[in-house]
Structures are given as C-alpha cells and as structure tokens.
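First comes the structure, then the notes that go with it.
The values are calculated or read from the model by the stated rules, or taken from the named source; none is laboratory data. Keep in mind that this is a model prediction, so the values were computed, not measured. With ideal geometry, Cβ positions are generated from the backbone for all residues, glycine too; neighbour counts draw on all protein chains shown. Ligands, DNA and RNA are stripped out before the accessible areas are found, and what is left, the full protein with its side chains, is counted by its heavy atoms. Shrake-Rupley method; radii C 1.70, N 1.55, O 1.52, S 1.80 Å.
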Amino acid sequence: MTQPRIVVAGAGAVGCFVGGLLAAAGREVVLLGRGWLRDEVAAHGLTCTDFSGLAVTAAPEVSDDPAVLARADIVLVCVKSGATGEMARLIAEQAPMQAVVVSLQNGVRNVDVLRRALPGRDVRGGMVGFNVVGLGEGRFHRSTSGEIVVAFGDGDLAETLEAPGLVVEEVVGIEAVQRGKLILNLTNAVNALSGLSLHDMLLVRGWRRVMAAQMSEGLAVFRAAGLEVAVPAKAPGWAIPWILRLPTGLFRRIAAPMLVVDPQARTSMVADLTAGRRTEVDEFQGEIVRLGGVHGLETPVNARVMIAIGEAEGGRNRVWTPEDLLT
Ligand SMILES: NC(=O)C1=CN([C@@H]2O[C@H](COP(=O)(O)OP(=O)(O)OC[C@H]3O[C@@H](n4cnc5c(N)ncnc54)[C@H](OP(=O)(O)O)[C@@H]3O)[C@@H](O)[C@H]2O)C=CC1
Ligand SMILES: CC(C)(CO)C(=O)C(=O)O
C-alpha cells in the first residue's frame with residue numbers, strides 16, 4: 001500500500017496520539033472525532049508528548065463528519081467499547097469495502113462486534129500497550145512505555161503504522177495478546193477506585209493485592225476456558241500477581257520497570273469517571289465474571305470491583321479501601 005489514507009475512527013486519547021505521530025511522520029491522516037477536538041486542534045494544533053521527552057506537533061485534518069470514512073484505506077477504530085456498535089455502523093455505511101479496519105481498543109469483543117457489522121471486510125484486532133492522557137488544548141501525552149501489536153494479515157500493516165516514537169508489531173494469535181491486555185486492564189478500575197496516580201497506587205501493597213487477586217481470578221478463568229493468554233509485560237503473566245503481592249520494599253526493587261511511569265499517569269477509566277461517562281468495567285471485570293460463571297469458578301474480587309465502579313458511574317462517591325474489595 002503506497003501512502004494509504006488513514007482515518008482514526010473515534011479520536012480521543014489513543015486516536016489522537018497514534019494519529020498525531022503518524023501525521024507528523026508524513027502519513028495522510030484524518031481524525032474523526034467530536035466537535036470539541038476539531039475546535040481544540042484549530043485553536044492550538046495537535047501536540048504529542050511522552051514520558052521519555054518525545055514532543056511532536058502535527059496538523060492532521062480533523063472532522064466530526066463520518067463521511068470522511070469514505071476516503072479511508074485504513075480505519076483505526078479508537079472509540080471506547082460501548083461506542084463500537086455505532087462506529088461499526090458508520091464504517092459499514094461510509095468506508096470502502098477494501099479498507100482495512102483495525103481495532104486499537106481494549107477488551108476482547110470489539111473485533112467480533114466490528115466483524116458482525118462488516119461482513120466480507122478485513123477486520124483485525126490490535127492492542128495498544130501504552131497509556132495516553134488528553135491534557136487539553138490539543139495536547140496528548142503518553143505516560144508509559146509499550147508497543148502496538150496488530151493481527152498478522154495481507155499487506156504491510158505494521159510497517160505502515162510505524163512512525164518515529166511508535167513501534168508496531170504484527171503477530172499471529174492477537175486474541176491471546178488481547179486477553180493478556182485484559183488481565184492488565186483489570187487495573188484500570190482499581191486505579192480509579194484508589195483515587196491515586198498509577199505510580200502512587202503501585203506503592204500501596206493493599207491496592208497491589210487487589211490487582212493481584214483480580215489478575216489471579218482472570219488467569220484462572222481463561223485457563224479453565226482453555227484460552228491462551230499472552231500478557232504484554234516484561235514478566236510472564238503467571239508471575240505478575242506474585243510480584244504484586246510482595247512487600248513494598250522488595251516490590252520496588254524487583255518491579256522497578258513497572259514504576260517507570262509519569263508521576264501523574266492514571267488509567268483511561270479515570271478519564272471516563274471524571275467526565276461522567278460509562279466506563280469499560282463490563283468489558284474488563286465483566287468478562288472475567290461472566291466467563292467464571294460459565295466454568296463454575298468464583299470471581300469475588302472482580303465482582304466487587306464491578307459493583308464499586310457501578311456505584312461510581314451512578315454518581316455515588318463512596319471511598320473504597322483495598323480491604324473492602326478483598327473481603
Ligand atoms: N487511553 C489509554 O491510555 C488507552 C486506551 N485504550 C483503549 O482504547 C480505546 C479508546 O480509549 P481512549 O482513547 O482513552 O478513549 P477516548 O474516550 O479518549 O476517545 C474516544 C473518542 O471517540 C469519540 N467518539 C465516540 N463515538 C464517536 C463517533 N461516532 N464519532 C466521532 N467520535 C466518536 C469519543 O467522544 P465521546 O466521548 O463524546 O463519545 C471520544 O472523544 C478504549 O477501548 C480504551 O480502553 C488502550 C490503551 C490505552
Ligand atoms: C494503563 C493501561 C496501559 C493498562 O491498564 C491502559 O490500557 C489504559 O489506561 O486503558
């Protein structure tokens with residue numbers, strides 16, 4: 001594919017960062033987002049920064065008109081999971097049949113939702129391994145390290161999506177990687193309930209025990225279901241709960257790379273709760289609880305975290321302690 005046109009379908013934190021780096025590298029990129037994004041970028045331009053000092057500016061086209069999908073060779077789906085159905089409908093109506101549709105979302109069901117609405121099209125899963133926060137005034141900041149992984153297929157998708165600052169790998173078996181990411185995403189809700197930054201939460205053993213308990217339940221459920229899990233982390237998936245349960249002094253020494261995050265970094269679920277939006281807790285904890293039910297496994301910590309986030313979505317500002325969630 002020579003100079004393909006890339007449309008980011010749902011440009012928020014991830015979409016603007018990825019689209020911004022691609023545009024800065026000279027790719028033809030259109031950001032399909034809401035009116036606020038168009039106004040922000042018109043007023044301030046688009047700036048992508050990261051924890052390592054990367055700083056690029058870009059000037060991609062920004063639109064809130066789904067008709068821009070008609071120009072896509074590649075569609076990067078970057079909406080939250082609850083909006084996938086609606087975005088799939090817009091892609092079906094507007095995008096050319098031959099456009100490759102790539103989900104860069106968390107959760108393990110978005111690709112199925114897209115494929116059901118887009119029969120006969122090349123729809124691929126993906127996984128974004130880093131955290132991005134929107135800082136306002138057209139600024140999007142990557143606050144952790146990590147790569148993008150996309151499903152292997154025809155063409156040279158990974159190469160097309162690579163740019164300075166953006167490492168993209170193509171793999172066979174993206175489903176296992178997405179399940180592994182879901183295990184990590186169980187942290188999103190804990191981070192929101194803790195009220196702390198990711199860095200500070202990781203230094204509290206009680207919150208790490210909640211993270212570990214959820215992950216152990218999740219890994220057990222996938223094992224019982226006979227589903228492979230490839231956790232995108234430096235340590236093997238089975239070892240992460242064990243590392244998280246260590247006393248803080250030892251954890252600091254053994255898990256030093258986990259603590260290399262911006263001091264203010266928070267997971268994407270925090271942004272949803274702050275903005276009063278529906279979160280992806282049903283796609284993360286809900287997935288584990290449902291699959292546990294099918295295979296006769298108890299998942300009490302994931303279930304309690306779901307209740308806690310449900311209350312927060314409903315506007316109840318109860319303060320949860322790790323002990324509330326573990327017992
Ligand atoms: N942020 C992060 O660090 C990471 C996020 N992810 C995953 O990536 C996905 C996207 O997350 P994130 O970027 O944080 O989400 P955001 O909410 O920041 O961005 C999605 C944007 O898409 C907009 N949108 C939704 N529907 C439409 C539509 N029909 N037309 C135009 N715009 C639309 C949303 O607007 P509105 O809110 O008004 O609907 C929102 O601005 C999620 O699955 C998330 O879990 C993965 C790795 C890291
Ligand atoms: C923080 C991270 C990278 C993992 O939980 C994430 O995926 C998110 O914020 O949604």
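Quick look at the numbers
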read-out: Pairwise FRET efficiency - Gln3 versus Ile307, Cβ, R0 = 56 Å, nearest 0.05; value: 0.70
read-out: Choice from Thr49, Thr274, Thr248 with maximal GNM fluctuation in the chain (Cα, 10 Å cutoff); value: Thr274
read-out: Nearest 10 degrees, 0 to 90: helix 35-44 Cα axis against the chain principal axis; value: 80 degrees
read-out: Solvent-accessible area per residue for segment 5-172 (1.4 angstrom probe, square angstrom); value: 39 Å²
read-out: Simple Cβ-charge dipole of the chain, Lys/Arg +1 and Asp/Glu -1, about Cα centre, in debye nearest 20; value: 880 debye
read-out: Listed residues Glu311, Glu323 arranged by accessible area, highest first, probe 1.4 Å; value: Glu323, Glu311
read-out: Average accessible surface area per residue within segment 175-326, 1.4 Å rolling probe, Å²; value: 45 Å²
read-out: For the chain, convex hull of alpha carbons as volume per residue, Å³; value: 125 Å³
read-out: Computed lengthening from Arg223 to Leu250, 0.36 nm per intervening residue step minus Cα-Cα distance; value: 6.9 nm
read-out: Cβ-based charge dipole, the chain, positive-most Cα from Ile309, Val68, Thr279; value: Ile309
read-out: Alpha-carbon Rg with Dmax, taken over segment 205-247, Å; value: 10.6, 32
read-out: Simple Cβ-charge dipole of segment 5-172, Lys/Arg +1 and Asp/Glu -1, about Cα centre, in debye nearest 20; value: 440 debye
read-out: The chain, accessible surface, carbon-and-sulfur percent (1.4 angstrom probe); value: 54 percent
read-out: Anisotropy class of segment 63-189 from Cα gyration tensor, a/c 1.5 cut; value: rounded
